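Worksheet: one structure, shown below.
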Amino acid sequence: MEIVYIDMDGVLCDYNAAKNEGLKRNPEQKFPQSEIGFFENLNPIENAIESINYLKSIEHIDVYILTAPSVKNPHCYTEKRLWIEKHLGIDMTEKLIITANKGLNKGEYLIDDHISGKGQENFEGIILQFGSEKFPSWKEILTHLDLKNNGKNVDSSDDTNPTDNNN
């Protein structure tokens, strides 16, 4: 069983759009992420939910959500848990890990939009940097994991590819 950790902010949910919208709405609030409800109301990133569900369906992959807390908002612990239940179901709440040091976790992959800052630089597995040139979207992440893990190419015409929009 291969363990795959997936970050929330900037990978599953659109943290940056919400933060920018909060700054635009109230420029004097330096940390919109400190507002109650900020984390619970984040929008999912395009194809994130479908991609997580697809990864969960692969027999030899064990998916966990690995996210860092916001020190500006102590409510984020509860709000992130509620977001996971709302978008991924109650079963994934049992696979939610909130830690300030992601490098303490053991696994094959960490899908994160940052490669350092919250312990990612100490992660002993492979970091797939979401949003990077190599992995700009979920489509490239899934292609990499499928080719590496079971030889199935998600770019094929297979209906199970959650990011195949025929574009």
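The values are calculated or read from the model by the stated rules, or taken from the named source; none is laboratory data. Bear in mind that the values here come from a model prediction, so they are computed numbers and not experimental data. Note that each Cβ is placed from the backbone with ideal geometry, even for glycine, and that neighbours are counted across all protein chains shown.
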**OP:** Note down all Cβ pairs under 8 Å where the first residue falls in segment 135-153 and is under 19 Å from Ile115 (Cα atoms), the second is modelled with pLDDT under 90, and they're at least six residues apart or on different chains.
**Re:** Ser137/Thr163; Trp138/Pro162; Trp138/Thr163; Leu142/Val154; Leu142/Asn161; Leu142/Pro162; Leu142/Thr163
Subject >> Positions within segment 57-74 being over 21 Å from Ile115 (Cα atoms) and surrounded by 17 or more Cβ atoms within 10 Å (Cβ to Cβ), in sequence order >> reply: Ile58, Ile61, Asn73
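Which residues, counting only those in segment 117-132, are under 19 Å from Cys13 (Cα atoms) and not hydrophobic (A, V, I, L, M, F, W, C)? Spell out how you get there, then give the answer.
Let us first name the residues in segment 117-132 that are under 19 Å from Cys13 (Cα atoms), namely 117-118, 120, 127-132.
Once the filter is applied, which keeps residues that are under 19 Å from Cys13 (Cα atoms) and not hydrophobic (A, V, I, L, M, F, W, C), segment 117-132 yields Gly117, Lys118, Gln120, Gln129, Gly131, Ser132.
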**OP:** Could you run through segment 84-134 and say how many residues are in contact (Cβ under 8 Å) with a residue 12 or more places away in the chain, acidic (Asp, Glu) and closer than 24 Å to His60 by Cβ?
**Re:** 3
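Kindly establish whether Leu145 is surrounded by 20 or more Cβ atoms within 10 Å (Cβ to Cβ), modelled with pLDDT of 95 or more and either of a type outside the set (Ser, Thr, Tyr) or part of a loop (DSSP other than H, G, I, E, B) (or both).
Numbers: surrounded by 20 or more Cβ atoms within 10 Å (Cβ to Cβ): yes; modelled with pLDDT of 95 or more: no; either of a type outside the set (Ser, Thr, Tyr) or part of a loop (DSSP other than H, G, I, E, B) (or both): yes.
Criteria not met by Leu145.
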Subject >> Among residues of segment 40-70, those that are in contact with a strand residue (DSSP E or B) (Cβ under 8 Å, 6 or more places away or on another chain) and not aliphatic (A, V, I, L, M), counted >> reply: 8
Original post:
From the list Ser51, Ser70, Ser57, which one is within 11 Å of the chain's Cα centre (by Cα) and within 30 Å of Glu124 (Cα to Cα)?
Top reply: Ser51
Original post:
Which of the helices (runs of 4 or more DSSP H) contained wholly in segment 1-116 include at least 2 residues that are of a type in the set (Gly, Ala, Ser) and closer than 19 Å to Ile141 by Cα?
Top reply: 48-57
Original post:
Does segment 23-36 include one or more residues that are among the aliphatic types (A, V, I, L, M), in contact with a strand residue (DSSP E or B) (Cβ under 7 Å, 6 or more places away or on another chain) and over 19 Å from Leu128 (Cβ atoms)?
Top reply: no
**OP:** Scan segment 115-125 and give yes if some residue there is among the acidic types (Asp, Glu), more than 21 Å from Glu46 (Cβ to Cβ), in contact with an Asp or Glu (Cβ under 7 Å, 6 or more places away or on another chain) and surrounded by fewer than 20 Cβ atoms within 10 Å (Cβ to Cβ), otherwise no.
**Re:** no
Original post:
When the residues of segment 1-52 are filtered to those that are within 14 Å of Trp83 (Cα to Cα) and aromatic (Phe, Trp, Tyr), which remaining residue is surrounded by the most Cβ atoms within 10 Å (Cβ to Cβ)?
Top reply: Phe39
